[in-house]
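Working notes, beginning with the structure itself.
The values are calculated or read from the model by the stated rules, or taken from the named source; none is laboratory data. Just so you know, these numbers come straight off a predicted model, no measurement behind them. Methodologically, a virtual Cβ is constructed for each residue, glycine included, from the backbone with ideal geometry; neighbour enumeration extends over all protein chains shown. Each accessible area value is taken on the protein alone, full model and side chains, heavy atoms only, with ligands, DNA and RNA left out. Shrake-Rupley method; radii C 1.70, N 1.55, O 1.52, S 1.80 Å.
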Amino acid sequence: AKARGRARVELHDPDVVDPAVGRLRLIGELRRGIAEGELRVHYQPRMDLRGDRVAGVEALVRWQHPERGLLQPGDFIDVAEESGLVRRLGAWVLDSAVAQGAAWARTAGGGPTTEIAVNLSTRQLGDPDLVPLVAEVLDRHGLDPALLTLEVTETALMEDPDAAAATLRALKALGVTLAVDDFGTGYASLTYLQRFPLDELKIDRSFVAGLTESRGDAAIVATCVHLAHSLGLRAVAEGVETPDQRRALEDLDCDMAQGYHYARPLPVDELDRWCAAR
Ligand code: C2E
Ligand code: CA
Ligand code: CA
Ligand code: CA
């Protein structure tokens, strides 16, 4: 009777008994969710700090789970990466975001914006099919490649720097814009940074969070902005939540900012309304 009782518990909530079972179930559900069209893309505006205008958006994936509601990347992106499903997920996000960017570019007045940033995972960066995929998606939707920014984390770049540099050169040859994401959290040396054909440096939110309270964080943000500019890159601050942080970034001559101070990542219709209301 005892054994049967335990078996019943496992059937009802496997993750409580064994996290590996929960993980396997999540992989299966995600595979199904991708196939059945449950993924969504939300867009967070990025502001030009000089002109105070919307300069672009970042595409951020969501999963509209039938029972669990709207899931954030933190709930499933690691499992997608480890299982390899991130290739399918990433291809879907790229396709959606480029289609949306092309639609905005066709809208009279340019829509809310035309520059679209898409995140690439470590595994996508190492995928030999990535460059032809990006070329095909841009071509099929007719989006000017310069309007697509691909964001790669510093950690992903440093996993295999030589291979990453070759892939980034091939992407650059397509005409896309390249950004290093979460800058300051990994260990990219200056030598390596210079070897990648980058256009933009995104300063990690953890430093921006301490910008107005911690002299250490303020020094790191200032150094990142200077470093970006001396390498000919634009500096983007992520996670800007307060007017004080925004003013500090303006004083530091940072080029762009995104964060809850302006807007959270929003579905397309809400973003259109947000832009119209400004
Ligand atoms: P990220 O690329 O660093 O994206 C920024 C994250 O910070 C987003 O979380 C965004 O919602 C959040 N954020 C923006 N402004 C603020 C702010 O002012 N304060 C705070 N506290 N947070 C802010 P999100 O959407 O949960 O995404 C988390 C991470 O998941 C992303 O970090 C990115 O690494 C990954 N991710 C999201 N979408 C994709 C995707 O399509 N493909 C891949 N490979 N990774 C993705
Ligand atoms: Ca990003
Ligand atoms: Ca980031
Ligand atoms: Ca981050």
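Close Cβ contacts (under 8 Å, 6 or more residues apart or on different chains) running from residues in the stretch 176-196 that are more than 17 Å from Ser230 (Cβ to Cβ) to residues that are assigned to a loop (DSSP other than H, G, I, E, B) and within 15 Å of ligand 4 (Cβ to nearest atom) comprise Asp182/Asp204; Thr185/Asp204. If the condition is being buried (at least 18 other Cβ atoms within 10 Å of the Cβ) and away from ligand 2 (no atom under 15 Å from the Cβ), then the stretch 191-202 contributes Leu193, Phe196.
Per-residue answers, yes or no, for (1) more than 18 Å from the chain's Cα centre (by Cα); (2) within 16 Å of ligand 4 (Cβ to nearest atom); (3) not aliphatic (A, V, I, L, M):
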| residue | (1), (2), (3) |
| --- | --- |
| Asp139 | yes, no, yes |
| Leu157 | no, yes, no |
| Ala163 | yes, no, no |
| Leu168 | no, no, no |
| Phe183 | no, yes, yes |
| Ala188 | yes, yes, no |
| Phe196 | yes, no, yes |
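Just give me the residues in the stretch 143-185 being within 21 Å of Ala235 (Cα to Cα), surrounded by fewer than 17 Cβ atoms within 10 Å (Cβ to Cβ) and within 16 Å of ligand 1 (Cβ to nearest atom), in sequence order. Hits for the stretch 143-185 are Thr155, Met158, Thr185.
Could you check, for the stretch 92-99, whether at least one of its residues is among the hydroxyl-bearing types (Ser, Thr, Tyr), under 30 Å from Arg25 (Cα atoms) and within 16 Å of ligand 4 (Cβ to nearest atom)? There is no residue in the stretch 92-99 that is among the hydroxyl-bearing types (Ser, Thr, Tyr), under 30 Å from Arg25 (Cα atoms) and within 16 Å of ligand 4 (Cβ to nearest atom). Figure legend. Inter-residue proximity from the stretch 203-215: first residues on the phi < 0 side of the Ramachandran plot and open to solvent by 40 Å² or more (accessible area, probe 1.4 Å), second residues within 11 Å of ligand 1 (Cβ to nearest atom) and assigned to a helix (DSSP H, G or I), beta-carbon distance below 9 Å, spacing 6+ or different chains. Indicated pairs: Ala209/Gln245; Thr212/Gln245. For the stretch 19-61, the set of residues classified as open to solvent by 20 Å² or more (accessible area, probe 1.4 Å), of a type in the set (Lys, Arg) and in contact (Cβ under 8 Å) with a residue 24 or more places away in the chain consists of Arg23, Arg31, Arg40, Arg50, listed by residue number. Figure legend. Inter-residue proximity from the stretch 225-238: first residues away from ligand 2 (no atom under 16 Å from the Cβ), second residues outside any helix (DSSP H, G or I) and among the β-branched types (Val, Ile, Thr), beta-carbon distance below 9 Å, spacing 6+ or different chains. Indicated pairs: Val225/Ile203. Does the stretch 158-170 include one or more residues that are outside any helix (DSSP H, G or I) and over 20 Å from Thr114 (Cβ atoms)? Yes, the stretch 158-170 has at least one match.
The test for being surrounded by 17 or more Cβ atoms within 10 Å (Cβ to Cβ), of a type in the set (Lys, Arg), under 22 Å from the mean Cα position of the chain (by Cα) and more than 16 Å from ligand 2 (Cβ to nearest atom) holds for Arg246. Might you check whether a residue that is more than 16 Å from ligand 3 (Cβ to nearest atom) and either free of Cβ contacts under 8 Å to residues at least 60 places away in the same chain or among the polar types (S, T, N, Q) (or both) occurs anywhere in the stretch 255-265? No, because not a single residue in the stretch 255-265 is more than 16 Å from ligand 3 (Cβ to nearest atom) and either free of Cβ contacts under 8 Å to residues at least 60 places away in the same chain or among the polar types (S, T, N, Q) (or both).
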